[in-house]
Amino acid sequence: MDYAIRPATLDDVAGIADVAHRTWDLTYARIIASHNRRQFIERVYTPEGLQEAIEGDRAWFYVAALDQEIVGYAHFLRRSDSQGELVRIYVHPDHQRHGIGRAFLSAGAAAMAITGVSLCLASVEANNVSAHAFYRRFGFRHRRDYAQFLGDQLIKMVEMKVSVGELQEKLGEGSG
């Protein structure tokens, strides 16, 4: 299949929200209570919330499209002059394991490198084994543990880090 990775536009909002609904329920079914998942999706994946994320001047928001269908998205933020964060990355279950996540990391790493960001952070739910394996494959390492509330539930999180140069090397793109 031929996936196009491109910057998100406002025309992609409904597709992004659809992928969020489908991936969140599968990814977090055994980790986050359904009412908390629903509440989060309804609060964060509104047209207004996604518009703000897509148009943010310190953000890079990408989608993966197959023909006209949005099948995944990734959102990176510049936290400081030297630090960026992969805030969210999700791929529709029917399209996982086709290199889309890798392509998102490549796009984000290139954007961060161009703007001088040298460290990429990502937070992962502590029990999300597949996400941990994905990040480790690309050089991310443990930075710290923390917890945060999602609705009425305390969620254990792991913050991971990788230098942008190492990320690009792991992706086979060198460091510049």
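The values are calculated or read from the model by the stated rules, or taken from the named source; none is laboratory data. Predicted model only: the values in this text are computed from it and were never measured. FYI the Cβ positions are ideal-geometry reconstructions off the backbone, even for glycines, and counts take in every protein chain you see.
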What's the number of the condition residue 57 fails, among (1) farther than 26 Å from residue 128 by Cα; (2) modelled with pLDDT of 95 or more? (2)
Kindly indicate whether residue 74 is touching a residue at least 12 places away in the same chain (Cβ under 8 Å), crowded, with 18+ Cβ neighbours inside 10 Å and under 24 Å from residue 11 (Cβ atoms). yes
Just the residues that are over 19 Å from residue 77 (Cα atoms) and either in contact (Cβ under 8 Å) with a residue 24 or more places away in the chain or buried (at least 16 other Cβ atoms within 10 Å of the Cβ) (or both), please, taken from the stretch 140-174. 150, 151, 152, 153, 155, 156, 169, 170, 171, 173
Which pairs do you get when a residue that is on the phi < 0 side of the Ramachandran plot and among the basic types (Lys, Arg), found in the stretch 17-32, comes within reach of a residue that is assigned to a helix (DSSP H, G or I) and surrounded by fewer than 17 Cβ atoms within 10 Å (Cβ to Cβ), reach meaning Cβ atoms under 7 angstrom, with the pair 6+ apart or on two chains? 22/93
Given the conditions (1) in contact with an Asp or Glu (Cβ under 7 Å, 6 or more places away or on another chain); (2) without any contact (Cβ under 8 Å) to a residue 40 or more places away in the chain; (3) under 20 Å from residue 27 (Cα atoms), report the number of the one that residue 124 does not fulfil. (1)
Return only the number of the condition from (1) touching a residue at least 60 places away in the same chain (Cβ under 8 Å); (2) closer than 15 Å to residue 108 by Cα; (3) not aliphatic (A, V, I, L, M) that residue 7 does not satisfy. (1)
